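The values are calculated or read from the model by the stated rules, or taken from the named source; none is laboratory data. From a predicted model like this one, the values you see are computed outputs, not experimental measurements. FYI the Cβ positions are ideal-geometry reconstructions off the backbone, even for glycines, and counts take in every protein chain you see. SASA here: full protein model, heavy atoms, side chains in, ligands and nucleic acids out. Shrake-Rupley method; radii C 1.70, N 1.55, O 1.52, S 1.80 Å.
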Amino acid sequence: MIVNHSSPLLSNFVQPVRFDHFMQQALYHPVHGYYARGQQVFGAEGDFVTAPELTSLFGQTLARGLMPLLDRCPPRIIEFGAGRGKLALDILSVADERLTEYCIVEVSGGLKAVQQATLAALPEHIRNKVRWLDQLPAQLEGIVLGNEVLDATPVRRFRWSPTGVEEAHVQTEGTQLAWHWLPADETLRRHANALQAEHGPWPAGYVSEWAEQSDALVRTLTDGLNGVVMQIDYGHHEALYYSPHRTDGTLRATHRHVAHNDLLTNPGEQDLTAHVNFSAAWRALEEAGGVLEGYVNQAGLLLGLGILDLAQQHPDLTDPVRGGTLRQGLNTLLSEADMGEQFKALVWSKGVDLDGTLLQQVLIQHDRSGEL
């Protein structure tokens, strides 16, 4: 497939580059990458809407489970992939005195400015708790929080053939980008062969992806952890992820709320994501010494933490217009046909005991780690 377009990034791909390197540039180039666009990415006027953008109840509900953990670990939240800062705003708006610091890891100057504008609505004494970091600290002391982060890590795309595994590369041809399938290196070949042996047989031409960088990120988070990690994202356990019936993988592009398969169109101007392989994330965290506390769907997590109780107390509930918007947002967050089942929460710890906490009770009640 060859796609017509023009982009400042074209000159970066004169020679064939692996798809994960292309995805890295398309999303995170400091000037021309997708996330350098800042506020244009998120919300109704952007390309997609995240859970915190739907309703403040999402972040406020998570805070009910997170605040008591600050009695067990350093009193700090470290969020990365903070978007416009809406999740931070909603957690900080209900956080108690146990939270002494809220760190946002942000490499995009454009997004940092958007986050600062969002958090300007908070009282000064609460804003003073917020710090911005331009890289992930080596030591992660406290609660590490991410919503829709792992899906945005670059992935390696491969194609299965009984005669040899091929890997997707991207190359500029004039004013166009083109796919090039080249023999996979030994690491990817062994990985794909092992997956096929366990979850196949796959048909010839079967295409999927390997989130090598996502697994590495999970290990990095766990290596330096003294606290708890909560990652919420859309994805599957491994047997479903690599089902023989899923012949085109999970990679998708999104532009103006429409998901499509034209992954090479206008790099830097559309989102690129792949579903999370939660089984691989679980193995990665345990390899780094983490303890899995639970794996639940988003509906179970939010209902267990009391989102409906908070909704009943919300001042917008009785308003004819704002109440309808509130209920619509709740339905999207909780419905099995929408985010309620598509999104999962993976929670793990290191050096911290969660026994008896509300979060642990919810994770036990709704636990689906047997799927992993």
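Assorted remarks:
- Segment 43-71, residues that are in contact with a strand residue (DSSP E or B) (Cβ under 8 Å, 6 or more places away or on another chain), in a loop (DSSP other than H, G, I, E, B) and open to solvent by 10 Å² or more (accessible area, probe 1.4 Å): Val49, Thr50
- Failed item, numbered, when Arg127 is tested on (1) under 18 Å from the mean Cα position of the chain (by Cα); (2) modelled with pLDDT of 95 or more; (3) surrounded by fewer than 20 Cβ atoms within 10 Å (Cβ to Cβ); (4) not aliphatic (A, V, I, L, M): (1)
- The residue that is most open to solvent (accessible area, probe 1.4 Å), counting only those in segment 178-197 that are out of contact with any Asp or Glu (no Cβ under 7 Å at 6 or more places or on another chain) and in contact (Cβ under 8 Å) with a residue 24 or more places away in the chain, is Arg189.
- Test result for His314, part of a loop (DSSP other than H, G, I, E, B) and either of a type in the set (Phe, Trp, Tyr) or touching a residue at least 12 places away in the same chain (Cβ under 8 Å) (or both): yes
- Set Leu333, Leu358, Leu346, Leu326: member being within 26 Å of Ala284 (Cβ to Cβ) and of a type outside the set (Asp, Glu): Leu346
- Members of segment 153-209 that are of a type in the set (D, E, K, R) and within 30 Å of Phe80 (Cα to Cα): Arg156, Arg157, Glu167, Glu209
- Total residues in segment 291-329 satisfying the condition of being more than 19 Å from the chain's Cα centre (by Cα) and open to solvent by less than 20 Å² (accessible area, probe 1.4 Å): the figure is 7.
- Comparison of Asp233, Asp262, Asp248 shows that the only residue that is of a type outside the set (S, T, N, Q) and within 24 Å of Ala82 (Cβ to Cβ) is Asp233.
- Restricted to segment 130-158, and to residues there that are touching a Phe, Trp or Tyr at 6+ places or on another chain (Cβ under 6 Å) and farther than 17 Å from Gln24 by Cβ, the residue that is least open to solvent (accessible area, probe 1.4 Å) is Gly146.
- Residue count for segment 91-110, restricted to those that are under 18 Å from Leu133 (Cα atoms) and open to solvent by less than 60 Å² (accessible area, probe 1.4 Å): 11
- Conditions (1) out of contact with any strand residue (DSSP E or B) (no Cβ under 7 Å at 6 or more places or on another chain); (2) modelled with pLDDT of 95 or more; number of the one not met by Lys350: (1)
- Pairs with Cβ under 9 Å, 6+ apart, first in segment 252-263 and more than 18 Å from Thr153 (Cα to Cα), second among the small types (Gly, Ala, Ser) and assigned to a loop (DSSP other than H, G, I, E, B): Arg256/Gly46; His257/Ala44; His257/Gly46
- Among the candidates Thr325, Thr332, residue that is at pLDDT below 95, of a type in the set (S, T, N, Q) and assigned to a helix (DSSP H, G or I): Thr325
- Counting only strands (runs of 3 or more DSSP E) that sit completely within segment 203-271, those holding 2 or more residues that are exposed (fewer than 15 other Cβ atoms within 10 Å of the Cβ) and modelled with pLDDT under 95 correspond to 258-260.
- Among the residues of segment 18-35, the one identified as open to solvent by less than 10 Å² (accessible area, probe 1.4 Å) and not in a helix (DSSP H, G or I) is Gly33.
- Test: residue in segment 326-338 that is over 29 Å from Thr250 (Cα atoms), in contact with a Leu (Cβ under 9 Å, 6 or more places away or on another chain) and either touching a residue at least 24 places away in the same chain (Cβ under 8 Å) or not small (Gly, Ala, Ser) (or both): yes
- Taking the numbered list (1) among the basic types (Lys, Arg); (2) under 20 Å from Leu69 (Cβ atoms); (3) surrounded by fewer than 16 Cβ atoms within 10 Å (Cβ to Cβ) in turn, Lys344 passes all entries but (3).
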